[in-house]
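Asks: The structure is given below, and queries will be raised subsequently.
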Amino acid sequence: MSELAVQVFPDTDALVEAAAALFVRTVVAAQQERGSASVVLTGGGTGIAMLAAVLESPGAIDWRQLDVFWGDERFVPAGDSERNDLQARKALLDAVPVDPSRVHAVATSDGEYPDPVEAAAEYDTAVHAYLAEHGAFDLHLLGMGGEGHVNSLFPHTDAVREEHSLVVAVTNSPKPPPVRVTLTLPAVRRSRHVALIVGGGAKAEAVAAVLAGADPIDLPAAGATGIESTTWLLDQAAAADLPG
């Protein structure tokens with residue numbers, strides 16, 4: 001049973017700092033226990049700010065023993081500023097000695113796999129290979145949209161209803177760009193620890209509904225749970241509708 005924790009911070013800066021500390025703490029603990037670790041990164045303003053804050057967080061991450069994945073990716077050309085992997089590299093990965101062979105980015109739309117379905121299949125191969133060897137991701141980081149989406153899993157879509165595949169292509173995302181590659185809820189649930197980093201009053205209603213037990217088809221974040229722990233990190237605005 002996944003242990004649920006809800007942590008509320010006074011503002012976005014404190015939220016980002018706490019998320020960065022969780023990142024470092026979880027990765028270090030995994031490396032101490034198993035020799036290596038894995039993280040699944042999220043994009044968005046708060047997610048990228050958290051990655052930048054990791055550089056300032058105390059801790060002894062062995063960057064050469066870290067596998068990096070992404071929860072979703074916008075299927076756009078290489079070098080496009082909307083790509084989550086490009087933003088993550090600028091914020092963190094270019095500044096630390098990661099092993100390039102252990103950074104698992106989704107294919108670009110102008111690369112070897114120009115069809116998003118083929119790109120999803122190629123990414124699925126990498127995800128399955130990692131999980132076959134290691135059993136689970138160590139940490140899956142997630143943001144959440146105001147309608148409750150996580151990764152590129154939006155309410156009432158085929159992607160959020162997926163029960164078997166770990167990676168799927170999305171060709172009609174309600175949030176631009178419309179074409180994406182995303183990990184599914186079954187993939188999220190193959191993570192030892194899941195952390196949802198959510199800020200802003202526009203998300204307060206969805207946060208409260210998810211934590212009250214909403215259906216993941218209606219609010220996909222409700223299906224994002226870790227094997228060992230699920231942690232919600234919220235600022236005061238995002239927590240405004242929580243009881244008591």
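Computed from the coordinates by the stated procedures, all read-outs in this text should not be read as laboratory data. Note that the coordinates shown come from a computational prediction; the quantities given were computed from them, not determined experimentally. Here the Cβ is made from the backbone with ideal geometry for all residues, glycine too, and neighbour counts use every protein chain on show.
Asks: Given the DSSP H assignment, sum -39500 (n - 2.57) over each helix run of at least 4 residues in the chain and divide by its residue total; what's the result at 222 nm in deg cm²/dmol, nearest 500? Don't skip to the end; give the middle numbers.
Replies: On the way: 7 runs with 77 residues, N = 244.
Calculated mean residue ellipticity at 222 nm is -9500 deg cm²/dmol.
Asks: If I stretch the segment between Glu205 and Val96 completely, what's the gain in nm (0.36 nm per residue apart, minus their alpha carbon distance), one decimal?
Replies: So the extension gain works out to 35.5 nm.
Asks: Using C-alpha positions alone, give me the convex hull volume of segment 1-131 per residue in cubic angstrom. Don't jump to the answer; show the numbers that get you there.
Replies: Working: hull volume 16.8 nm³, N = 131.
So the per-residue Cα hull volume is 129 Å³.
Asks: With each pseudo-label sitting 7 Å past Cα toward Cβ, what's the Glu3-Ala136 distance in nm, one decimal?
Replies: 1.2 nm
Asks: Which whole-number percent gives the relative contact order of the chain, counting Cα pairs below 8 Å spaced six or more residues apart?
Replies: Details: 527 pairs, mean separation 59.8, N = 244.
Value for the chain: 25 percent.
Asks: If you take the square roots of the eigenvalues of the alpha-carbon gyration tensor of segment 114-244 and sort them as a ≥ b ≥ c, do you get rounded (a/c under 1.5), prolate (a/b over b/c) or oblate?
Replies: Details: a/c = 2.27, a/b = 1.43, b/c = 1.58.
It is oblate, given that a/c is not under 1.5 and a/b is not larger than b/c.
Asks: Based only on other Cβ atoms within 10 Å, what is the fewest-to-most ordering of Ser2, Ser191? The partial results should precede the final answer.
Replies: Details: Ser2 16, Ser191 29.
Ordered from fewest to most neighbouring Cβ atoms within 10 Å, Ser2, Ser191 come out as Ser2, Ser191.
Asks: Now, a different point. Indicate the helices, whole DSSP H runs only, in the chain that combine a mean Kyte-Doolittle hydropathy of -0.5 or more with a Cα extent along their long axis of 18 angstrom or more. Provide the component values of the computation, followed by the final result.
Replies: Working: long enough: 12-34 (33 Å, 0.52); 116-134 (27 Å, -0.12).
Correct list, ordered by number: 12-34, 116-134.
Asks: Quick one: compute a quarter of the convex hull surface over the Cα atoms of segment 98-138 and quote it in nm².
Replies: Values: hull surface 13.6 nm².
Spelled out: convex hull of the Cα atoms, projected over all directions, averaged, 3.4 nm².
Asks: Right, another one. Any chance you could tell me what percent of the C-alpha pair distances in segment 84-169 go past 21 Å? Don't skip to the answer; put the middle values down first.
Replies: Working: 1546 of 3655 pairs.
Looking at segment 84-169, the distances longer than 21 Å represent 42 percent of pairs.
Asks: Suppose the chain between Trp63 and Glu112 were pulled fully straight at 0.36 nm per residue; how much longer would it get relative to their current alpha carbon spacing?
Replies: Using 0.36 nm per residue and subtracting the Cα-Cα distance, I get 14.9 nm.
Asks: Related question: What share of the DSSP beta bridges in the chain is antiparallel, in percent to the nearest 5? Can you show the working numbers first?
Replies: Values: 8 of 34 bridges.
Counting DSSP beta bridges with both partners in the chain, the antiparallel share is about 25 percent.
Asks: Note down the nm distance, to one decimal, between modelled labels 7 Å out along Cα→Cβ at Ser165 and at Gln236.
Replies: It is 4.4 nm.
Asks: How big is the C-alpha Rg of segment 3-235 next to the rule-of-thumb value 2.2 N^0.38 Å, as a ratio? Could the numbers behind the result be given before it?
Replies: Values: Rg = 16.2 Å, N = 233, 2.2 N^0.38 = 17.5 Å.
Segment 3-235 yields a ratio of 0.93.
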